[in-house]
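The structure under discussion appears below in the form of structure tokens.
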Amino acid sequence: PLRPFSSPLAGDITQKGYEKKRSKLIGAFLPQAPGKGMDPSVPHERRTPVTPGSSSRYHRRRSSGSRDERYRSDVHTEAVQAALAKQKERGKMAVPMPSKRRSLVVQSSMDAYTPPDTSSGSEGEGSMQGEGTPTSSQSSINMENWISRAIHGSTTSSTTSSSSTQSGGSGAASRLADVMGQTHLENHSAPPDVTSYTTDSIQVERPQGSTTTSRSTPKYGNAELMETGDGVPVGGRVSAKIQQLVNTLKRPKRPPLREFFVDDFEELLEVQQPDPNQPKAEGAQMLAMRGEQLGVVTNWPLSLEAALQRWGTISPKAPCLTTMDTNGKPLYILTYGKLWTRSIKVAYNILHKLGSKQEPMLRPGDRVALVFPNNDPAAFMVAFYGCLLAEVVPVPIEVPLTRKDAGSQQIGFLLGSCGVTVALTSDACHKGLPKSPTGEIPQFKGWPKLLWFVTESKHLSKPPRDWFPHIKDANNETAYIEYKTCKDGSVLGVTVMRIALLTHCQALTQSCGYTEAETIVNVLDFKKDVGLWHGILTSVMNMMHVISIPYSLMKVNPLSWIQKVCQYKAKVACVKSRDMHWALVAHRDQRDINLSSLRMLVVADGANPWSVSSCDAFLNVFQSKGLKPEVICPCASSPEALTVAIRRPTDDSNQPPGRGVLSMQGLSHGVIRVDSEEKLSVLTLQDVGTVMPGALMCVVKPDVVPQLCKTDEIGELCVGSIATGTSYYGLSGMTKNTFEVFPMNSVGALISEYPFTRTGLLGFVGPGGLCFIAGKMDGLMVVGGRRHNADDIVATALAVEPMKFVYRGRIAVFSISVLHDERIVVVAEQRPDSTEEDSFQWMSRVLQAIDGIHQVGVYCLALVPSNTLPKTPLGGIHLSESKQLFLEGSLHPCNVLMCPHTCVTNLPKPRQKQPEIGPASVMVGNLVSGKRIAQASGRDLGQMEDNDQARKFLFLSEVLQWRAQTTPDHVLYTLLNCRGTIASSLTCVQLHKRAEKIATMLAERGHLQDGDHVALVYPPGIDLIAAFYGCLYAGCVPITVRPPHPQNIATTLPTVKMIVEVSRSACMMTTAVICKLLRSKEASAAVDVRSWPPVLDTDDLPKKKPPLLYKPSNPDTLAYLDFSVSTTGMLAGVKMSHTATSAFCRSIKLQCELYPSREVAICLDPYCGLGFVLWCLCSVYSGHQSILIPPSELEVNPALWLLAVSQYKVRDTFCSYSVMELCTKGLGLQTESLKSRGLDLSRVRTCVVVAEERPRIALTQSFSKLFKDLGLHPRAVSTSFGCRVNLAVCLQGTSGPDPTTVYVDMRALRHDRVRLVERGSPHSLPLMESGKILPGVRIIIANPETKGPLGDSHLGEIWVCSGHNASGYFTVYGDEALQSDHFTSRLSFGDTQTIWARTGYLGFLRRTELTDASGERHDALYVVGALDEAMELRGMRYHPIDIETSVIRTHKSITECAVFTWTNLLVVVVELDGSEQEALDLVPLVTNVVLEEHYLIVGVVVVVDIGVIPINSRGEKQRMHLRDGFLADQLDPIYVAYNM
């Protein structure tokens, strides 16, 4: 179970120097331990200043310190306090507080917010009906809380956040030293991921607030335990928080994981097994309850219209309805005579004055919308009866206030499906509707086109003398349609027939004992439900006088209804429990109150279990004012079944009403247990009276089959009666399931031949036929097989220090479905004056209280700013709309606490590794249980005869000299500038001469010996190429280095320095511009000028020729070094020998069919890998012309590359992902203008993305789609694959089949299995082949742990054997073991002779149906991801990119995402493109999607600004750098959420 959270007010990550100031600011409010100068008897109270708007007369604090009685019973509050106390004893659990950027912590000023009393009660919305008294009511209980919190409370330790950086860890230079110290490559595992250390290796001691590492497990070398990939020590602040979270999560989860079965591929989610000890129903099967006979009184009218006609003609002066203005003065009295004549007038006009004589718009039976405001019941009543007389069907709806009201769209669907074309409204309402500039009423979102018709008498024509409405007996035609909002927000129309309408009025008259001319006060909404049935319909049947109290008057004067009861000596009043509550709060011992005239107080929401306390408290206070206890009559109703039950007003005050005190635990299992050993969690119910006259009631199981419940079982009440609705308009399927239910007994026999109607209410029938309601089907949440009611959860949340942090009644509870179960979400409106700490404290206490009382975890608790939850027309919370906003990420909460770790208990079992194929099965042959050993190779280099002249030379320098002699003026290189014009070019002889001069310079000025290393620091261009061949001519070993970025020297220059040092360069060659840059002030701030080796400026070259060119003797000596930073932040240099270099060039020449007559466009960075080889080496070897386009120029002119390809009619082009992305984003809208400029890509046969990662299929596909109109063949785009040990393993050539795409099951992939699925199937992942395997390359898939060969269907490490493999790492530390492991590995069995290099990438081979050039079946290689990057979680292997792809899809504002693990926690960093207000919306969405699609629980969600996630030159994310930045607290995040 959860332990009490004590929030350490330790580091908010993003408040650097703010701590001191803040502690002063909030010091006044923070509890201190007694004895620290605080008198424990003084309450620290925060009184909310009363805003001028909230008529202070009614909101003054009562001297008695009145507690808020609404939805709150003393018992329950005490229970909650007890539950919290109980958890306190069990020990502490520290929850890290989320961190916010300052700009997000806006304390809104008190005058800026509207008083929340507009908020209150929702109308049948299932939300808590609210009170809006902004008084900080603190009961003695709250007081004790403060004190107990002060004593046991959190030690506000700021020491936790003191950063524990090792000395000398300042500045980039020393960090560099750390990095350098760590540069030896680790064995293909993400450097020191501490994901699997033992439980006791790190302990965070709370009280002292210091992070102590009790014992450091030895890691590689002697690095400390708490440090990151590059050996950067972890700043205490973040890691202490994370550590706190880790410790919290180590506590045992409540339900232990049960045994379950895991199929080979499928991870089965755990199915919740029923607890054998759970309570089961033991009673007998219930019998259907029959109400009393409906006694037909002789003078009852035969229809409601007949009643109206009778009273309108017999007693036209009798008052029918009195309306009030906002001062409580009678505004208007509608008599029965006026109601009758005006209704006739309306009936005549809607039948005869709309449309033409031949084509009237409305005919009998058509539906008409009634749009009247809540303060005009008279106009509504006239229109309603006008419709009944005209025999058209009224559909009363709310007034749409704006075009985008909450739920208004769904109302529109209802009107559309009912075929409504006319809306009746009042003059005032019509004027108030939003208008377009032309004065027309706009069409509301989702609404049909309507004709608005004003029903005021003065606008209507008089009916002719001879015209008279046809008054029939009540029949089976539809009388009216009442709208109903479902749990999902959709709006249905319940049709009520005329006979049902009349029977219902009769049943109400009988059970309420209505008599002629009684006065009734109605506070309820008169358009639907109890307000309509009593205040508009039954009242007319009995010629009663209704005093209608508008909602607007109640807001100003909550006592108004009580005053009207006294004034008119009313016999009956219809109210909701919130009206009773408001009266209590506003009541000030007024003298003149006398309620003795009341014989019946109908409590419309009496079926809500939490109305009991209001009824009791009301009786308590007003009994002395003449209120008799038996007067209070709760009733139960539903739109489908109308009135379900009502307590009768008895004269016998001896018979006390029924009470049930039920165990919540029992209720959650659907059984009634009156008492339980847990006295805390009980629900007190009051009866809602007996079954209606003439009706039959039974209780059925809430499942699909309507089977009768046992007597001690909770089920859905069903009613069989004439007086219910008959259908959902236009929805026959749903109608059948609700209005045509035939309940069965245990043997399957029907209990009645007549259908029953489901009421949507959950409850039971108790002794004496009394009905008890425990909740609504709509509020039901089934979590882990147990049932919880939203209302109960709200009541518990509100019992935790109510009203201090959140507004009562502004709280929404709903469930969302995540990972095959419902998860509970609680959203509350926060008071503007509560601090971050307070809110967080309140949130953590709510979690505990709900856990203690309901034994259920809350998945997400969110606080939103006051007044931001969507409202229903009467001010309640619009639940479904709130849920919708939550799910689409537009709720904008200001605080979020997610607890997936505690709630989600049905995750698949962590995987146990299965033994792989052993050597014995391989001996038998290559077929292991029907699977091929996964191996493949490119074409054989030796057997390919071609006229390759360059083959006879062993060294590239010789090839260049040969070309300079035989084809001196052939152009090898053309460099383009950003305008697309030629900046410079080189012919064979120019390059040769330039290289000679550079060789001279190296010998004379640099005094270099052969074999010395030279760093070439050049921008992408021709100088770089010349310098490279100059080094070869001088016998030096070149290393190409990306120059520092002039705008970003501080971070880019240290990398240059690092490569220069690690490569042991004896000198540097560069241009005059960069020379100057190295000596600049900014540069010397980052790197000391004196620490560089000698720098040669090649812009001024010696004039003379070198005496003799260097002739290398051994082709296995070093040709050049290739340095690159891997995605894990490791710098690795590999050695390329002359043999490998020549083999590499030949392999590419053959694969791409390169000849001197060809032109190839290259838009790549020329510093490492295949990019460098294509830029510098291939043209010299194959003789083709390379058109060089520096990628940086594309930032100025994104179309440069494609225009060049088109202009030079290039057939083959190479680019990087960054270039492709730039084109896709930058040229997306310009394809038409490019077409008009003559851009034509139809000649391109191969466009290869040079990469060292899994192909980015979404990007290549959108690129192909985008430029298809410009002639690009979709099959032309492909990718290559290279890595450190072999710079190019695959490359899509000219011949051979097109690259194929397969879909694999992501779940199987996590188990290192490859299982092909159909496109679009769930959990499918598209993978594109990484180009064709190059000639001379052999590939095998091996198990990275055992080094055994794998079968086709397994994911394993790609091993490669080829003439152009690199010959080893070049590092400062000769790390031999690693060297031999990566470059000279052998299989552990099978073919143990071949020497392979390990690429460090996971992938698989698949034999396709296609044939390659040699006629063999083609083997496709699919790269899945780097082993370094893969994350082991729950025993399964996850690739960050898969999780990131899911996350990016969840919300439009997430532009980029990166994930990494830290101590077994999954950390998700998202870049937010939007306002900071959206930051917290992302937390639940990210958590949901990762759970749903990957079965993983996210530990930390970090929301950052755009551009924070570091990306290297190849466009790959640097996740390890990001991790270091996060742990060293350098990201300046907008928000950091720690999931519980």
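So L321 passes all but one of these: (1) of a type in the set (A, V, I, L, M, F, W, C); (2) at pLDDT 70 or above; (3) not in a strand (DSSP E or B). Which condition number does it fail?
All conditions pass for L321, except number (3).
Could you tell me whether A641 is open to solvent by less than 10 Å² (accessible area, probe 1.4 Å) and either of a type in the set (G, A, S) or under 37 Å from the mean Cα position of the chain (by Cα) (or both)? It would help to see each step written out before you state the result.
Working: open to solvent by less than 10 Å² (accessible area, probe 1.4 Å): yes; either of a type in the set (G, A, S) or under 37 Å from the mean Cα position of the chain (by Cα) (or both): yes.
So A641 passes the test.
Name the helices (runs of 4 or more DSSP H) wholly within region 1036-1101 that hold at least 2 residues that are of a type in the set (D, E) and exposed (fewer than 15 other Cβ atoms within 10 Å of the Cβ)?
Fully inside region 1036-1101 and qualifying: nothing.
Whether any residue in region 889-897 is farther than 28 Å from Y1495 by Cα and either open to solvent by less than 10 Å² (accessible area, probe 1.4 Å) or in contact (Cβ under 8 Å) with a residue 40 or more places away in the chain (or both) is what I want to check. Give the derivation first.
First, the residues of region 889-897 that are farther than 28 Å from Y1495 by Cα: none.
Within region 889-897, none of the residues are farther than 28 Å from Y1495 by Cα and either open to solvent by less than 10 Å² (accessible area, probe 1.4 Å) or in contact (Cβ under 8 Å) with a residue 40 or more places away in the chain (or both).
For region 1111-1123, which residues satisfy the criterion of being within 18 Å of S1065 (Cα to Cα), open to solvent by 10 Å² or more (accessible area, probe 1.4 Å) and either in a loop (DSSP other than H, G, I, E, B) or small (G, A, S) (or both)?
Within region 1111-1123, T1117 is the sole residue that qualifies.
Would you mind finding the one in G1435, G1403 that is under 23 Å from P908 (Cα atoms), touching a residue at least 12 places away in the same chain (Cβ under 8 Å) and not hydrophobic (A, V, I, L, M, F, W, C)? Before you say what the answer is, go through the steps one by one.
On the way: G1403 fails: under 23 Å from P908 (Cα atoms).
Going through G1435, G1403 in turn, just one is under 23 Å from P908 (Cα atoms), touching a residue at least 12 places away in the same chain (Cβ under 8 Å) and not hydrophobic (A, V, I, L, M, F, W, C): G1435.
Can you spot a residue in region 1229-1243 that is open to solvent by 40 Å² or more (accessible area, probe 1.4 Å), among the small types (G, A, S) and in contact with a Gly (Cβ under 9 Å, 6 or more places away or on another chain)? Give the derivation first.
Our first condition is that a residue be open to solvent by 40 Å² or more (accessible area, probe 1.4 Å); within region 1229-1243, this holds for 1229-1230, 1232-1233, 1235-1238, 1240, 1242-1243.
Keeping just the survivors that are among the small types (G, A, S) gives 1233, 1236, 1238, 1242.
With in contact with a Gly (Cβ under 9 Å, 6 or more places away or on another chain) added as a condition, the list becomes 1242.
Yes, some residue in region 1229-1243 is open to solvent by 40 Å² or more (accessible area, probe 1.4 Å), among the small types (G, A, S) and in contact with a Gly (Cβ under 9 Å, 6 or more places away or on another chain).
Please list, ordered by residue number, the strands (runs of 3 or more DSSP E) wholly in region 1413-1493 having 2 or more residues that are touching a Gly at 6+ places or on another chain (Cβ under 9 Å). Give the steps one after another, and end with the answer.
Working: elements: 1417-1426, 1431-1433, 1436-1438, 1454-1462, 1465-1472.
So the answer is 1417-1426, 1454-1462, 1465-1472.
Among the candidates G670, G626, which residue alone is at pLDDT below 90 and at positive phi?
Numbers: G626 fails: at pLDDT below 90.
Just a single option satisfies the conditions, and that option is G670.
Looking for whichever is over 30 Å from T735 (Cβ atoms), within 44 Å of the chain's Cα centre (by Cα) and open to solvent by less than 20 Å² (accessible area, probe 1.4 Å) here; the options are V575, V565, V556, V546. Which one fits? Show your work before the answer.
Numbers: V565 fails: within 44 Å of the chain's Cα centre (by Cα); V556 fails: open to solvent by less than 20 Å² (accessible area, probe 1.4 Å); V546 fails: within 44 Å of the chain's Cα centre (by Cα).
Being over 30 Å from T735 (Cβ atoms), within 44 Å of the chain's Cα centre (by Cα) and open to solvent by less than 20 Å² (accessible area, probe 1.4 Å) holds for just one of V575, V565, V556, V546, which is V575.
To keep it simple, each residue is scored yes or no on (1) in a helix (DSSP H, G or I); (2) within 18 Å of T538 (Cα to Cα).
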{"position": "K564", "(1), (2)": "yes, no"}
{"position": "W582", "(1), (2)": "yes, no"}
{"position": "D592", "(1), (2)": "no, no"}
{"position": "S596", "(1), (2)": "no, no"}
{"position": "L601", "(1), (2)": "no, yes"}
{"position": "C615", "(1), (2)": "yes, no"}
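Would you please list the contacts, defined by Cβ atoms under 7 Å and residues six or more apart or on different chains, that run from a residue in region 970-983 that is farther than 12 Å from Q1185 by Cβ to a residue that is of a type in the set (G, A, S)?
Taking only residues 6 or more apart or on different chains, the pairs are L976/A983; L976/A1204; N977/A983; G980/A1204.
For region 1456-1510, what are the residues that are small (G, A, S), surrounded by fewer than 22 Cβ atoms within 10 Å (Cβ to Cβ) and at pLDDT 95 or above?
Filtering region 1456-1510 for residues small (G, A, S) gives 1458, 1474-1475, 1479, 1499, 1507.
Narrowing further to those that are surrounded by fewer than 22 Cβ atoms within 10 Å (Cβ to Cβ): 1474-1475, 1507.
Answer for region 1456-1510, where residues must be small (G, A, S), surrounded by fewer than 22 Cβ atoms within 10 Å (Cβ to Cβ) and at pLDDT 95 or above: there is none.
Got at least one residue in region 959-966 being more than 17 Å from Y1029 (Cα to Cα), modelled with pLDDT of 85 or more and either assigned to a loop (DSSP other than H, G, I, E, B) or open to solvent by 20 Å² or more (accessible area, probe 1.4 Å) (or both)?
Taking every residue of region 959-966 in turn, at least one turns out to be more than 17 Å from Y1029 (Cα to Cα), modelled with pLDDT of 85 or more and either assigned to a loop (DSSP other than H, G, I, E, B) or open to solvent by 20 Å² or more (accessible area, probe 1.4 Å) (or both).
Take the residues in region 1256-1311 that are of a type in the set (D, E) and outside any helix (DSSP H, G or I); name whichever of them is surrounded by the most Cβ atoms within 10 Å (Cβ to Cβ).
Taking region 1256-1311 first, the residues of a type in the set (D, E) are 1269, 1298, 1305.
Checking the rest, the ones that are also outside any helix (DSSP H, G or I) come to 1298, 1305.
Numbers: D1298: 14, D1305: 20.
Per the stated criteria, the residue is D1305.
Could you give every pair whose Cβ atoms fall below 6 Å, whose first residue belongs to region 1486-1505 and is farther than 13 Å from V896 by Cα and touching a residue at least 12 places away in the same chain (Cβ under 8 Å), and whose second residue is of a type in the set (D, E) and outside any helix (DSSP H, G or I), counting only separations of at least 6 or pairs across chains?
V1504/E1471
Of the residues S511, S552, S539, which is closer than 22 Å to P870 by Cα and either of a type in the set (V, I, T) or part of a helix (DSSP H, G or I) (or both)? First the steps, then the outcome.
Details: S511 fails: closer than 22 Å to P870 by Cα; S539 fails: closer than 22 Å to P870 by Cα.
Result: S552 is the single residue among S511, S552, S539 that is closer than 22 Å to P870 by Cα and either of a type in the set (V, I, T) or part of a helix (DSSP H, G or I) (or both).
Checking L1241 against (1) within 39 Å of the chain's Cα centre (by Cα); (2) among the aliphatic types (A, V, I, L, M); (3) over 30 Å from H1382 (Cβ atoms), which test does it fail?
(1)
Which of (1) assigned to a helix (DSSP H, G or I); (2) touching a helix residue (DSSP H, G or I) at 6+ places or on another chain (Cβ under 8 Å) is the odd one out, the single condition V1160 does not satisfy?
(1)
What pairs come out if I take residues in region 454-478 that are open to solvent by less than 50 Å² (accessible area, probe 1.4 Å) and pair them with residues that are hydrophobic (A, V, I, L, M, F, W, C) and in a loop (DSSP other than H, G, I, E, B) whose C-beta lies under 8 Å away, six or more apart or interchain?
Pairs that qualify, where the first residue is open to solvent by less than 50 Å² (accessible area, probe 1.4 Å) and the partner is hydrophobic (A, V, I, L, M, F, W, C) and in a loop (DSSP other than H, G, I, E, B), are A474/L302.
When you look at S426, is it of a type in the set (S, T, Y) and closer than 19 Å to G730 by Cβ, yes or no?
Numbers: of a type in the set (S, T, Y): yes; closer than 19 Å to G730 by Cβ: no.
Taking the combined requirement at face value, the residue does not satisfy it.
Would region 507-516 turn up any residue that is open to solvent by 10 Å² or more (accessible area, probe 1.4 Å), within 49 Å of the chain's Cα centre (by Cα) and charged (D, E, K, R)?
no
Matching residues to (1) surrounded by fewer than 22 Cβ atoms within 10 Å (Cβ to Cβ); (2) not in a helix (DSSP H, G or I):
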| residue | (1), (2) |
| --- | --- |
| G730 | yes, yes |
| N737 | yes, no |
| S752 | yes, yes |
| V782 | yes, yes |
| A797 | no, no |
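The values are calculated or read from the model by the stated rules, or taken from the named source; none is laboratory data. Here the structure is a predicted model, which is why all the values come from computation and not from measurement. Because the Cβ atoms are built from the backbone with ideal geometry, glycine has one as well, and the counts that use them run over all protein chains shown. Heavy atoms of the whole protein, side chains included, go into the accessibility calculation; ligands, DNA and RNA do not. Shrake-Rupley method; radii C 1.70, N 1.55, O 1.52, S 1.80 Å.
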